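Below you'll find the structure, written out as structure tokens, and then a few comments.
None of the figures in this text is laboratory data; all of them are computed from the coordinates on show. Every value quoted in this text rests on a predicted model; they were computed, and no experiment measured them. We place every Cβ from the backbone using ideal geometry, glycine too, and count neighbours over all the protein chains shown.
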Amino acid sequence: MIFTIDRYESIRQEECYMLCPRCDSEQVRVMVTSPIGEEWVVYMCEQCCFSWRSTEKIHVSEKFKLDIEKIKNMQIIPPIPPLKTK
Ligand SMILES: [Zn+2]
């Protein structure tokens with residue numbers, strides 16, 4: 001089966017009831033669906049960027065849970081310095 005807009009819209013309706021397993025945000029969107037059949041959907045949290053597949057049983061340990069305050073205070077990945085020139 002080929003992915004269609006109707007399929008995407010039906011999945012979008014379902015995602016309204018989903019929370020991110022890592023930060024409990026309701027800002028979850030469909031990232032991609034299985035290209036053949038309706039086997040799986042990959043969801044992504046727009047708040048913490050966590051992604052997971054619909055076929056997985058997700059368990060996020062308490063020590064890895066995030067909230068908006070933790071996300072705000074995360075360190076920034078150091079920038080990569082420019083390449084050395086000869
Ligand atoms: Zn999240």
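Determine which lysines satisfy two conditions relative to Lys57: a Cα distance under 23 Å, and not lying fewer than 8 residues away in the same chain.
Lys65
Ranking request for peptides 27-40, 57-70: highest mean number of other beta-carbon atoms within 10 Å first, then the rest in descending order.
On the way: 27-40: 13.4, 57-70: 10.2.
The most tightly packed comes first, giving 27-40, 57-70.
According to the square roots a ≥ b ≥ c of the eigenvalues of the Cα gyration tensor, what is the shape class of segment 35-86, taking rounded for a/c under 1.5, prolate for a/b larger than b/c otherwise, and oblate for the remainder? Please list the in-between numbers first.
Numbers: a/c = 3.33, a/b = 1.49, b/c = 2.23.
Oblate, because a/c is 1.5 or more while a/b does not exceed b/c.
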